[in-house]
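The values are calculated or read from the model by the stated rules, or taken from the named source; none is laboratory data. Model, not experiment: these values are computed from the prediction. So basically every Cβ, Gly included, is an ideal-geometry build from the backbone, and we count neighbours across all protein chains shown. The protein model used for the area step is the full one, side chains on, heavy atoms only, and it has no ligands, DNA or RNA in it. Shrake-Rupley method; radii C 1.70, N 1.55, O 1.52, S 1.80 Å.
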Amino acid sequence: MYSQKVMEHFTNPRNVGEIPDADGIGEVGNTQCGDVMRIYLDIENDIIKDIKFKTFGCGAAVATSSMVTEMVKGKTIAEALEISNQAVAEALGGLPPQKMHCSNLAADAVHAAIKDYLDKRNKG
Amino acid sequence: MRRVYLDHSATTPVDREVADLMMVYFTEKYGNPSSIHSFGREARHALEEARSQVAGLLGAKPEEITFTSGGTEADNLAILGLAEARQEKGRHLIVSAIEHHAVLDTVKYLEKAGFALTVLPVNSAGIVELDEVIKSLRPDTILVSVMHANNEVGSIQPVAEIGRIVREHGAAFHIDAVQTFGKIPVNVEELKADLLTISAHKIYGPKGVGALYVRKGVRISPLMHGGGQEKKRRSGTENTPAIIGFGKACELAVQRMTEEAERVKKLRDTLLTGIVESIKYVKVNGPQGDLRLPNNVNVSIEFVEGESLLLSLDMLGIAASSGSACTSGSLDPSHVLLAMGLPHEIAHGSLRFTLGRQNTEEDVAYVLEHLPKIVERLRKISPLYDQFNKTK
Ligand SMILES: Cc1ncc(COP(=O)(O)O)c(C=O)c1O
Ligand code: FES
């Protein structure tokens, strides 16, 4: 059902964990099936220095979380905001059609974390 | 790699003896049982013997058995066939909320066509309560359909008591006995069944064959029209190799049932107790003890998701199933777990192991060795587990 790449990320997910005192935290949930993804960002000079995630969901949800963290690490926040759900799914060699909605979580969570960072910065 | 099959409620391997016998009816005794020549007669003879074997295991008469293409067709034939035959008498149907989709979707189809439908709730153990049956019966009720045991949580229903109530009322009673047939005694007289569904591939027979028991005197309309086979109840040249294999599987089930149920029950209890003792925050789904199918283990492991569990188990060669929304094409969690009142999050982490003939204590030990590690790994990446630990 899943590509090798998906299974590889599911088995050895990259960047799992939390960042204490993260600069931005994004949490998104999937109302459709009840999954949750949380992303932590460490940002310096608008560059994503470090990123960690925690995900509750299916294999595709875990793999897309892992993939998105690899894709945005070291990128500027502007670049990270450009990354789409579609791009994450493609980077994994595609997802089964009924699992496309899971990939929506990944990029959305990153975008939410960046927004959180920007909101905090603007306030403070 | 070690492979451990623990999904026997989904399907079972065909017994070698069954497969060998079937092969003869594919390649040597291939006659059409409706033909009058010797080729046809030998096929007919074996077909009727299979019918007697199936009937024997049910305590029915051979002429009360109609072979079908499986449990799904038998459920459809029972419900659609009876509804069509009795629609002049009434148009109200009653089913339980935890029926297999072969029943649920069929009555919902009839509901769209103008029939009235009552869906009976179940208690938290997944069992229909008699009061609910009594309350829901109406003068125009023509059919009540309640499964013998549920395929997901293994809850055994009080079908004999329900059967008595339904018979007194005058409606027909259908039982989907796909999950109990061959595992625990199923007797159509004791259960007061008018219609009863069974399937071969859950009892070490082939896929694509099943049967409907139709009590003598109960009229149903056919779904298939044509050559008039199976006493006009099911037209189409009989799938003789499969039916004969089904008969053989019944014969083997009779010989092994009591001993096998005891053996498997021990494994079930070891597995269930082992899981509960080695993993924190686990909830057992379905009843405990004798109200549970001897081969069924169903637990919800909190803060992890079922498909992730299945994938992780599969990488170790372990085959199981889950009622998680993520494993269903519709992305809804199991209707059975929801009917039992489980919140979505708990249904999400559900995991079912169903034991069978070839499973051993080593298989159970293998699962108990690996499952706690898998859960630990998945909880490490679960934001829900984090949250729980912070707020506790
Ligand atoms: C309770 C129940 N009813 C019906 C069926 C359908 O049987 P079949 O697969 O033979 O169509 C199944 C099997 O999945 C079942 O578990
Ligand atoms: S997270 Fe539920 S289907 Fe992917």
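In region A:34-83, burial by the other protein chains removes 40 Å² or more of accessible area from A:R38, A:K54, A:F56, compared with the chain on its own (1.4 Å probe, ligands and nucleic acids ignored).
In a solvent-free Debye calculation with one equal scatterer on each Cα, what is log10 I(q)/I(0) for region B:254-338 at q = 0.11, 0.14, 0.17, 0.19 Å⁻¹, listed in the order of the q values? The Debye formula, applied to the Cα set alone, gives -0.36, -0.58, -0.83, -0.99. Of the residues B:A193, B:A261, B:A365, the one that moves most in a GNM of chain B with alpha-carbon contacts below 10 Å is B:A365. Comparing the full protein assembly with the isolated chain, the residues of region B:295-313 losing at least 20 square angstrom of accessible surface (1.4 Å probe) are B:E305, B:E307, B:S308, B:L311. Springs between Cα atoms under 10 Å define the GNM used for chain B, and in it the highest mean-square fluctuation of B:E259, B:E42, B:E63 occurs at B:E259. Helix B:240-278 and the longest principal axis of the C-alpha atoms of chain B enclose an angle of approximately 20°. Computed from protein heavy atoms with a 1.4 Å probe, the total accessible area buried between A and B is close to 2000 Å². Rolling a 1.4 Å probe over the protein heavy atoms of the protein assembly as shown, with every protein chain left in place, gives an accessible area that is 52 percent carbon and sulfur.
Tilt of helix B:101-112 relative to the longest C-alpha principal axis of chain B, in degrees (0 to 90, nearest 10)? Roughly 70 degrees, rounded to the nearest 10. Using amide H atoms built in the peptide plane, which far-off residues or other-chain residues are under 5 Å from B:L117 H to H? Sorted by chain and number, the residues that satisfy this are B:L93.
For chain A, what is the convex hull volume of the alpha-carbon atoms per residue, in Å³? Before the final figure, lay out each step's value.
Working: hull volume 11.2 nm³, N = 124.
It comes to 90 Å³ per residue, whole-number rounded.
Scale the Cα Rg of region B:352-392 by the rule-of-thumb value 2.2 N^0.38 Å and send over the ratio, two decimals. Working shown, then result.
Numbers: Rg = 14.9 Å, N = 41, 2.2 N^0.38 = 9.0 Å.
So region B:352-392 has a normalised radius of gyration of 1.65.
Each 10 Å bin, from zero up to the one with the longest distance, holds this percent of the alpha carbon pairs of region B:110-241: 11, 37, 37, 14, 1.
Placing dummy labels 7 Å off each Cα toward the beta-carbon, the span from B:K390 to B:E28 is 7.1 nm.
Across chain B the C-alpha pair distances fall into 10 Å bins from zero in the proportions 5, 23, 30, 24, 14, 4, 1, 0 percent.
Each principal axis of the Cα cloud of region A:67-124 was evaluated for its coordinate range; sorted largest first, these ranges are 43, 21, 14 Å. The alpha-carbon positions of the protein assembly as shown define a convex hull whose volume is 171 Å³ per residue.
Shape index of region B:1-101: Rg/Rh, with Rg the Cα radius of gyration and Rh the Kirkwood radius from the inverse mean 1/r over Cα pairs, equals 1.07. Per residue, the accessible area of chain B comes to 41 Å² when a 1.4 Å probe rolls over the protein heavy atoms. With bins 5 Å wide beginning at 0, the percent of Cα pairs of region B:277-392 falling in each bin runs 2, 11, 21, 24, 21, 14, 5, 1, 0.
Report the net charge of residues surrounding B:G114, where surrounding means a beta-carbon distance below 13 angstrom and charges are Lys +1, Arg +1, Asp -1, Glu -1. Around B:G114, the charge tally is 0.
For region B:354-388, heavy-atom accessible area (probe 1.4 Å) falls by no less than 40 Å² from the chain alone to the full protein assembly at B:R377, B:I381, B:P383, B:L384, B:D386.
Take every pair of alpha-carbon atoms less than 8 Å apart whose residues are at least six positions apart; their mean separation over the length of region B:78-144 yields a relative contact order of 47 percent.
Taking all Cα pairs closer than 8 Å and separated by 6 or more residues, the relative contact order of region B:16-252 comes to 27 percent. Rank A:G24, A:C102, A:I43 by how far each Cα sits towards the positive end of the charge dipole of chain A (+1 on Lys, Arg Cβ; -1 on Asp, Glu Cβ) and give me just the farthest. Selected residue: A:C102.
Each Lys and Arg adds +1 at its Cβ and each Asp and Glu adds -1 at its Cβ; summed about the Cα centre, the protein assembly as shown shows a dipole of about 740 debye.
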